[in-house]
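Computed from the coordinates by the stated procedures, all read-outs in this text should not be read as laboratory data. Keep in mind the model is a prediction, meaning the values are calculated, not measured. With ideal geometry, Cβ positions are generated from the backbone for all residues, glycine too; neighbour counts draw on all protein chains shown.
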Amino acid sequence: MNPDALRGHMDALLLSVLEDGPLHGYAIIEALQRRSGGALNVPTGTVYPALRRLERMGHLTSEWATVGGRRRRSYRLTSSGRAALDGERSSWQRFTDAIGSVLIPRPQH
C-alpha cells in the first residue's frame, strides 16, 4: 500500500489497534499488519513518534515492563483516546461516503 495513503489516518489506526487492550510497540505494528491482511507494513520510524504524540495529547498512557530480560513500553488507550477514536471513526465514515459517491456514482433517477 502506498505510504502516502496512510497520511492523516495513522492516529485512528493506532487508537483502533489499542482498543482491545495494551500492547507494546512491536505488537502494535504486528496487529496493524494482521488486521490489514498484510497490506499495512508501517515502519517503526512512523509508529513510535505517533505513539509518543498520542500520549502527549492524553489519548494514550504508557508504562515500562521487563519481559524475558527486555524492557518494553506498553501503550494503553485512555478515555480521551476512546473519544478520539469514536470521532475518527465518524470522520472516516463521512470521508468514505463522500469519496465513494464520487468514485462509484449511483444512477440518477
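In table form, for the structure just shown:
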{"read-out": "Relative exposure of Y75, Y48, judged by other C-beta atoms within 10 Å (fewest first)", "value": "Y48, Y75"}
{"read-out": "Which label in (1) 12.4, 34; (2) 16.2, 67; (3) 13.8, 43 gives the computed Rg and Dmax of the Cα atoms in Å", "value": "(2)"}
{"read-out": "Helical mean residue ellipticity (222 nm; -39500 (n - 2.57) per DSSP H run of 4+; nearest 500) of the chain", "value": "-17500 deg cm²/dmol"}
{"read-out": "Förster radius 22 Å - calculated FRET efficiency between T96 and R35 (Cβ-Cβ, nearest 0.05)", "value": "0.80"}
{"read-out": "Residues whose placed amide H lies under 5 Å from that of M57, excluding near-sequence neighbours", "value": "none"}
